[in-house]
Every structure is written in structure tokens, then in C-alpha cells.
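Colleague: Let me give you the structure first, and then I'll get to my questions.
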There are 2 protein chains.
Amino acid sequence: MPLTKAREMMEEALKLARAAVDVGEVPVGAIVVRDGAIIGRGANRPIGNHDPTAHAEIVAMREAASYLGNDRLTDCDLWVTLEPCAMCAGAIAHARIARLYYGADDPKGGAVAHGPRLFEQPTVHHRPEIYAGIAADEATELLKTFFAQRR
Amino acid sequence: MPLTKAREMMEEALKLARAAVDVGEVPVGAIVVRDGAIIGRGANRPIGNHDPTAHAEIVAMREAASYLGNDRLTDCDLWVTLEPCAMCAGAIAHARIARLYYGADDPKGGAVAHGPRLFEQPTVHHRPEIYAGIAADEATELLKTFFAQRR
């Protein structure tokens, strides 16, 4: 995929991340894409939804699975502005996501390239293709601004 | 907690696991308990709910968080018939569950005493007290019977 096309796709996830800021949630956004169409959208909403599992990836994957009427998102791609945590990486494996595209690295909470590196674990059931660092500058800036304003 | 009392509590989760069998789902059940009262119940339902995240623990924690109107389940205990996977262990950390009681070990999919051992990772945000092996014989028997019947 050309880089400009990848940034365009990630822009859809970034829009959702910006919407999270507006309601005081950590700005992370995600989309699920199948055959070029967005079939799931998620913005980070644990506080507002009273749901510890309502990370952007989980919200987007639940919506996509509901739309497809299938708990498996085979042939679907997940685009998310931040490196997924262990909960989300585990859900990505359960959902059989084909390709994972993410933006900023998360050395503290990430579980793909950091911490438990879940997809490198010998017991993982499924490993998507992984593409990191897409529009990472914008995703990082959004997070930095958000946390700076809350201090 | 005396062992008989612990088995009584786990029996509530086992009832939910047995209900999962009846609808063709892998038999795992979970409850969230606060001050001795059950405030969340979950049976494993990914296939029926078209939701890759609908493990017993996630369903029970989402119900409890909705009931409390809070994404944090501080002072709550989670009882589950099987060792949690990475997704569920991650959610347990996000929810700030105080005590985790589980039944059977899961060497293939578990992420507490096996695989990534999530709560032993230096980057984990929260680590509950962990009590394993409660009514493990019954939980294991239920799973064995289920998988034997599907072969």
C-alpha cells in the first residue's frame, strides 16, 4: 500500500481519536476495514461508557463483528492510532484480524512491540501482519497535547 | 476464606459455564462480587453474540461496571472457572479488580500462570491478588466433556 493511501486510512482513525478528546477520554481511535469499506469505528470511551473494556479497538471490532454476524473478522484489517495493549492485542488474535496497522508506539502500555509482545508468544492463537508507525507523528502529538492539558 | 465458602462462590460461576454448554459455547463462567453480592454475571458467548470479546470475564465485568456506573471495579472480586486469557487478564488490570479467583489451569490459552504471565510483566498497570485452582476439577471436567462431545 502506498504511504499516502495508508495515511488517508489512518486519518479516519485519527478523526475518531480527536472526537475522544472532546469528551475527555484519552485520544485513541480505530477502524475495521473489509474490502476497502469501513465496517467498524471506535473511539476510546471507558470513562463515558462505564466500561473498562471500551478501548477504541474493542469498540470497532465489536461493531464490525456485529455487522458481519460473525465473531471472526477474517479478511478484515484493523487501523488504530496507538499500539494496542494486551487486552486489545488478545482480542485482535481472537477476532483473527488479518492485518494490524498502528500509529504511535506505546512503551508503557503497548503489548505488540513492547511489554509482553503478545504476537511473539508461542501460545498466541493467531498473528496478524503488523505495520507500525503510520501517521505516528499526528497520533503522538494528539496524546501529548491531551496529557499536557490535564496536568 | 474457608475452602467450602470458596467452592460455593465458584459454584455460581460453574452454573454459568454449564449454561454456555447448552448453547454450544465453550463452558466458561464468571461472576463479579462486591461486598458479598454478585453484581456481574457472564457466560462465554462469542459465537452466539457475534462478539470476539464476549468471554465470560468480559461480559461479567462490563455488567458490573455498568451497574456501578464506573469503569473501575475497585474493591471487586472476579471469580472465573478457567485461567483468563491475555485479553481478559488485560481487562482485569484495566478494571482494577482486587482479587482474581480462578478454577482450571489453561496451559494453551491462559495468560496468568502460562504464556505471557501478564501480571508478572513489569509494564502491567495493576496486579490483583490471585487465587488459582478453586473447584478446578469440576471446571476441567466440564471442558473435557464439552470438547470430547464435539470431536
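Colleague: Taking the rotation that carries B onto A, look along its axis and tell me which residue of B has the beta carbon nearest to it, distance in whole angstrom.
Modeller: Taking Cβ atoms only, the nearest residue and its distance are B:P116, 2.
Colleague: To continue, here is another question. If you put +1 on each Lys and Arg Cβ and -1 on each Asp and Glu Cβ, how big is the dipole of the range B:89-151 around its Cα centre, in Debye rounded to 20?
Modeller: Computed charge dipole of the range B:89-151: roughly 240 debye.
Colleague: While we're looking at this one, here's another question. Quick check on the protein assembly as shown: take the gyration tensor over C-alpha atoms, sort the square-rooted eigenvalues as a ≥ b ≥ c, and tell me if it's rounded (a/c under 1.5), prolate or oblate.
Modeller: Values: a/c = 1.93, a/b = 1.55, b/c = 1.25.
Prolate, because a/c is 1.5 or more and a/b exceeds b/c.
Colleague: Where does each of B:L16, B:L3 land when they are ordered by accessible area, with a 1.4 Å probe and the largest first?
Modeller: Descending order: B:L3, B:L16.
Colleague: Which residue, chosen from B:A135, B:T74, B:A43, occupies the Cα position most advanced towards the positive end of the dipole of the range B:6-151, where the dipole is computed from +1 (Lys, Arg) and -1 (Asp, Glu) charges on Cβ about the Cα centre?
Modeller: B:A43
Colleague: List the distances, in nm to one decimal, from the label point of A:Y67 to the label points of the same position in every other copy, shortest first, placing each label point 7 Å from Cα along the Cα-to-Cβ direction.
Modeller: Output for A:Y67: 3.3 nm, nearest copy listed first.
Colleague: Next question, about the same structure. If you average the alpha carbon positions of the range A:52-126 and of the range B:49-101, how far apart do those two centres end up, in angstrom?
Modeller: 18
Colleague: Please give the residues of the range B:96-126, grouped as numeric ranges, whose backbone N is less than 20 Å from a label point set 7 Å along the Cα-to-Cβ vector of B:E141.
Modeller: From the range B:96-126, the list is B:102-106.
Colleague: Given Cβ point charges of +1 (Lys, Arg) and -1 (Asp, Glu) and nothing else, what value in debye, to the nearest 20, does the dipole of the protein assembly as shown about its Cα centre take?
Modeller: My answer is approximately 20 debye.
Colleague: Per residue of A:116-124, how many C-beta atoms from partner chains lie within 10 Å of its own C-beta, taken as a mean?
Modeller: That works out to 5 on average.
Colleague: Another question about this same structure. Rounded, prolate or oblate: which fits the range B:91-138, taking a ≥ b ≥ c as square roots of the Cα gyration tensor eigenvalues, rounded meaning a/c under 1.5, else prolate when a/b beats b/c?
Modeller: The shape class here is oblate.
Colleague: Sort A:I47, A:I97 from largest to smallest accessible area, using a 1.4 Å probe on the heavy atoms of the protein chains. Please list the in-between numbers first.
Modeller: Numbers: A:I47 95, A:I97 0 Å².
Greatest to least solvent exposure: A:I47, A:I97.
Colleague: For A:I38, which inter-copy label distances result when the label point lies 7 Å beyond Cα on the Cα-to-Cβ vector, reported in nm to one decimal and in ascending order?
Modeller: Once sorted, the set of distances for A:I38 reads 4.1 nm.
Colleague: Need one value for A:81-90: mean number of C-beta atoms belonging to other chains within 10 Å of its residues' C-beta atoms.
Modeller: 6
Colleague: Starting from a label point 7 Å past Cα on the Cβ side, list the distances from B:R18 to the same position in the other copies, nm, shortest first.
Modeller: Label point to label point, same position, other copies: 5.5 nm.
Colleague: A further question follows. Given a Förster radius of 30 Å and the C-beta distance between A:E11 and B:E120 as r, what FRET efficiency does 1/(1 + (r/R0)^6) yield to the nearest 0.05? All intermediate terms of the calculation are to be shown ahead of the outcome.
Modeller: Numbers: r = 38 Å, r/R0 = 1.27.
About 0.20, to the nearest 0.05.
Colleague: Once you sort the root eigenvalues of the Cα gyration tensor of the range B:44-133 as a ≥ b ≥ c, which label holds: rounded (a/c under 1.5), prolate (a/b larger than b/c) or oblate (the other case)?
Modeller: oblate
Colleague: What's the tally of Lys pairs in the protein assembly as shown whose alpha-carbon atoms lie under 27 angstrom apart, where the two lysines are 8 or more places apart or on different chains?
Modeller: 11
The values are calculated or read from the model by the stated rules, or taken from the named source; none is laboratory data. All values derive from a computational prediction rather than experimental measurement. Methodologically, a virtual Cβ is constructed for each residue, glycine included, from the backbone with ideal geometry; neighbour enumeration extends over all protein chains shown. Only protein heavy atoms, including side chains, enter the accessible area calculation; ligands, DNA and RNA are left aside. Shrake-Rupley method; radii C 1.70, N 1.55, O 1.52, S 1.80 Å.
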